[in-house]
Amino acid sequence: MSEIDQLVEPGPAGLDSRPPMRFRMLRSTFSSAREKWWSKEHRAPVFFTASSILLSVAQLLSGVVIVHYIGPREMGLWASVSLALTYAFFALAGVQNGLSRELPYYLGANNEGMARRLAATTLFYTAGGCLLALSAGAGAVAFLIWKHSDPKLTYAVAAVTLLIMFKFYQNYLFVTFRSKNSFMDLARVQVWQ
């Protein structure tokens, strides 16, 4: 008998107390799969996927709560003002989209200098877009206050102005982290979103 078989004492009535062979094979399969998926290489994409699912569930639940407690007039006002968030990305002129295409190429070619210059240029354009959104939003809020407009509209414009600035920078982070395989950092950013 082998040494392993000698260490296992027979169970009652002389039966082997080890689990049947198919359970041992199943356990070893799950064990090797668990080790493989929890390696550093696989943990980051799994965490990123989990954070994406968590973000989607949170947005779903917040939508249900918002529809339940917010009236139709306020929802229409918010939906109208939120259109600015969609059209604001035209101010960046596709620079971030270009970075998402070019940055992985230069990183893959081990041209770190060019990759850093592209990321710095995109960050400059993103900061410029944030300043443009801030000045346009501040101007719109000042105009609404001067016209004695509905305070809800004024607050909505101020909130969307801040959202535009945060979305610009968040999109920049998404592009740069994704291309450097820093999924764990990107997942953390997404969880706090």
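The values are calculated or read from the model by the stated rules, or taken from the named source; none is laboratory data. Model, not experiment: these values are computed from the prediction. Cβ: placed from backbone, ideal geometry, glycine included. Neighbour counts: every protein chain shown. The area values use the complete protein model at the heavy-atom level, side chains included, leaving out ligands, DNA and RNA. Shrake-Rupley method; radii C 1.70, N 1.55, O 1.52, S 1.80 Å.
Out of all the residues in region 136-158, which are touching a residue at least 60 places away in the same chain (Cβ under 8 Å) and either touching a Pro at 6+ places or on another chain (Cβ under 9 Å) or small (Gly, Ala, Ser) (or both)?
Of everything in region 136-158, just one residue is touching a residue at least 60 places away in the same chain (Cβ under 8 Å) and either touching a Pro at 6+ places or on another chain (Cβ under 9 Å) or small (Gly, Ala, Ser) (or both), namely ALA156.
Of the conditions (1) exposed (fewer than 13 other Cβ atoms within 10 Å of the Cβ); (2) within 30 Å of MET75 (Cβ to Cβ); (3) modelled with pLDDT of 90 or more, PHE124 clears all except one; give me its number.
(2)
Suppose we filter LYS152, LYS180, LYS147 for residues that are modelled with pLDDT under 90 and either more than 24 Å from SER100 (Cα to Cα) or open to solvent by 90 Å² or more (accessible area, probe 1.4 Å) (or both); which single one remains?
Going through LYS152, LYS180, LYS147 in turn, just one is modelled with pLDDT under 90 and either more than 24 Å from SER100 (Cα to Cα) or open to solvent by 90 Å² or more (accessible area, probe 1.4 Å) (or both): LYS180.
Quick check, is LEU61 farther than 16 Å from VAL160 by Cβ, open to solvent by less than 70 Å² (accessible area, probe 1.4 Å) and in a helix (DSSP H, G or I)?
No; evaluated as a whole, the condition is false for this residue.
Here are LEU132, LEU99: which of them is open to solvent by 60 Å² or more (accessible area, probe 1.4 Å), part of a helix (DSSP H, G or I) and under 30 Å from VAL160 (Cα atoms)?
LEU132
Could you check TYR172 against (1) closer than 30 Å to ARG101 by Cα; (2) modelled with pLDDT under 90 and say which number it fails?
Status for TYR172: all satisfied but (2).
Looking only at region 65-85, count how many residues are open to solvent by less than 90 Å² (accessible area, probe 1.4 Å), part of a helix (DSSP H, G or I) and either more than 20 Å from ASP150 (Cα to Cα) or of a type in the set (A, V, I, L, M) (or both).
8
Output the qualifying pairs, or none if there are none: Cβ atoms under 6 angstrom, residues six or more apart or on different chains, first residue in region 61-81 and in contact (Cβ under 8 Å) with a residue 12 or more places away in the chain, second residue polar (S, T, N, Q) and open to solvent by 80 Å² or more (accessible area, probe 1.4 Å).
Note: no pairs meet the criteria.
Regarding region 17-24, can at least one residue be identified that is open to solvent by less than 60 Å² (accessible area, probe 1.4 Å) and either of a type in the set (A, V, I, L, M) or modelled with pLDDT of 65 or more (or both)?
There is no residue in region 17-24 that is open to solvent by less than 60 Å² (accessible area, probe 1.4 Å) and either of a type in the set (A, V, I, L, M) or modelled with pLDDT of 65 or more (or both).
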